[in-house]
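Quick one: the structure is below, questions incoming.
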Amino acid sequence: MQIKFLGTGAAEGIPAINCDCQHCQRARAEGGKLQRERNAILFQLPDYNMLVEVPPNTRGLINKYQVNNLQGILATNATYGYIGGLKEFEYWPTPLDFLAEPSLFEMIQVEHWTERLDEIMFAIPYYPGAALHFGQFSMIPFAARRRQPIFGMSIKAGEKQIVYASSTPGRLTNYARCLLTGADMLIVNTPTFKPPKEDHITLVEAIELKEQIGVGQLVLTHINHNNRPHDELDAYVRQFPGVVVAYDGMSLEI
Ligand SMILES: [Zn+2]
C-alpha cells in the first residue's frame, strides 16, 4: 500500500489568506514544507486508487502530483475544506466511485453535487461498523463525531492495517479505540499543538494515544497555522519513535 499526502493543511491552508501570524509570514517567505495545501490523501490500494477528501484546491493538487489513475473518492466530512473541490470532477474522463455515509452524502448533495457529477460518479453508501469488501482489501468506517456526520476509516490490505481517523476529537468512542488498537499506521488530523481544543484531538494528545493503543506508526496531518511550523514539529516528534509529521507531497509505503 502506498499513501501520498497531496495536502496536509487544515481548513485555512498555510499561509492562511490575509493572516500575518509568524507561521504564515514564514510560510510566505520560505515556502517548502512550511506551506500546506488543505488536507487530501491518495491511498494506492490493490487495483484501486482512492482519494480521501477533495479540498477546494483539488484541481491544482491533481495537476501537481499528476494523479491520473483514480477509481474512487471517499468523503469523511461535508465542510468546505474537505469537499469544496468535488465539482472539479465534473470533467474527469473516467467513471468514479463516490463513497460517503448516507447522511453525509445528503449534506454533500445540497451544495456540491451536480447533474454532471451524477453521470461520472457512482455513489456507494458506507455505514459505520459495516465492512466494505473490495476483494483484495477491506474497509470499516467508524463515527468520529457524536453530532456531526464525520467518519474515520480502518483499511486492511493483506496483513497491514491503516486507520485514517479524520477529524476526531480527543475523546474517541470505545468502538473506534478498538478499531485503532494495534494498527500498523494511524493517520490523524491534528490542527493544533496541544489542549485545550475540545472538538479536535491535538498533536500532543495524538502522540499520547499512540502510546496507549500500541500503533506502529503515527502520521500527523491537517495542521493549521496556530500549530507550530513544520521544522519545529519535525524536531519535536523526533523524541517519539514512529511519529511522523506529514508534509505536502510526502509518500509512505506500508
Ligand atoms: Zn497565520
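How about the stretch 88-123: which of its residues are part of a loop (DSSP other than H, G, I, E, B) and crowded, with 18+ Cβ neighbours inside 10 Å?
Glu101, Trp113
Is it true that some residue in the stretch 65-79 is open to solvent by less than 70 Å² (accessible area, probe 1.4 Å), away from the ligand (no atom under 16 Å from the Cβ), over 15 Å from the mean Cα position of the chain (by Cα) and in contact (Cβ under 8 Å) with a residue 40 or more places away in the chain?
Yes - at least one qualifying residue is present in the stretch 65-79.
To continue, here is another question. Tell me, which residue of the stretch 125-165 that is modelled with pLDDT of 95 or more and of a type in the set (S, T, N, Q) is least open to solvent (accessible area, probe 1.4 Å)?
Selected residue: Ser154.
Among the listed residues Met139, Met121, identify the single one that is out of contact with any helix residue (DSSP H, G or I) (no Cβ under 8 Å at 6 or more places or on another chain) and hydrophobic (A, V, I, L, M, F, W, C).
Met139
So which pairs qualify, if the first residue must be in the stretch 86-105 and under 19 Å from Phe142 (Cβ atoms), the second must be open to solvent by 50 Å² or more (accessible area, probe 1.4 Å) and of a type outside the set (A, V, I, L, M), the Cβ gap must be under 6 Å, and the two must be at least 6 apart or on different chains?
Once the first residue is under 19 Å from Phe142 (Cβ atoms) and sits in the stretch 86-105, its partners that are open to solvent by 50 Å² or more (accessible area, probe 1.4 Å) and of a type outside the set (A, V, I, L, M) give Pro102/Pro125.
Name the residue, out of Lys156, Lys160, that is among the basic types (Lys, Arg) and in contact (Cβ under 8 Å) with a residue 40 or more places away in the chain.
None of the others qualify; the one that does is Lys160.
Restricting the search to the stretch 173-217, which residues are of a type in the set (A, V, I, L, M, F, W, C) and either in contact with a Lys or Arg (Cβ under 7 Å, 6 or more places away or on another chain) or assigned to a helix (DSSP H, G or I) (or both)?
Ala176, Cys178, Leu179, Leu180, Leu186, Phe193, Leu203, Val204, Ala206, Ile207, Leu209, Ile213
List every residue pair whose Cβ atoms lie under 6 Å apart, where the two residues are 6 or more positions apart in sequence or sit on different chains, the first residue falls within the stretch 21-47 and is more than 14 Å from Ile223 (Cβ to Cβ) and of a type outside the set (A, V, I, L, M, F, W, C), and the second residue, located anywhere, is at pLDDT 95 or above and within 14 Å of the ligand (Cβ to nearest atom).
Filtered contacts from the stretch 21-47: Arg28/Pro15.
Could you count how many residues in the stretch 9-44 are open to solvent by 80 Å² or more (accessible area, probe 1.4 Å), outside any loop (DSSP other than H, G, I, E, B) and near the ligand (Cβ under 9 Å from one of its atoms)?
Residues that pass the stated criteria total 2.
Would you confirm whether any residue within the stretch 50-63 is open to solvent by 40 Å² or more (accessible area, probe 1.4 Å) and either part of a loop (DSSP other than H, G, I, E, B) or of a type in the set (Val, Ile, Thr) (or both)?
no
Does the stretch 237-254 hold any residues that are more than 16 Å from Arg26 (Cβ to Cβ) and free of Cβ contacts under 8 Å to residues at least 60 places away in the same chain, and which are they?
Here is the first cut: in the stretch 237-254, the residues more than 16 Å from Arg26 (Cβ to Cβ) are 237-244, 246, 249-254.
If the condition is that a residue be more than 16 Å from Arg26 (Cβ to Cβ) and free of Cβ contacts under 8 Å to residues at least 60 places away in the same chain, then Val237, Arg238, Gln239, Phe240, Pro241, Gly242, Val243, Val244 are the ones that fit.
State which residue is nearest to Tyr82 (Cα to Cα) when the search covers only the stretch 217-254 and only residues that are open to solvent by 10 Å² or more (accessible area, probe 1.4 Å) and of a type in the set (Val, Ile, Thr).
Only one residue fits best here, namely Val244.
The values are calculated or read from the model by the stated rules, or taken from the named source; none is laboratory data. Note that the structure is a prediction, hence the values are computed from the model and not measured. Every residue, glycine as well, gets a Cβ built from its backbone with ideal geometry; the counts of neighbours run over all protein chains shown. With ligands, DNA and RNA removed, areas are computed over all heavy atoms of the protein, side chains included. Shrake-Rupley method; radii C 1.70, N 1.55, O 1.52, S 1.80 Å.
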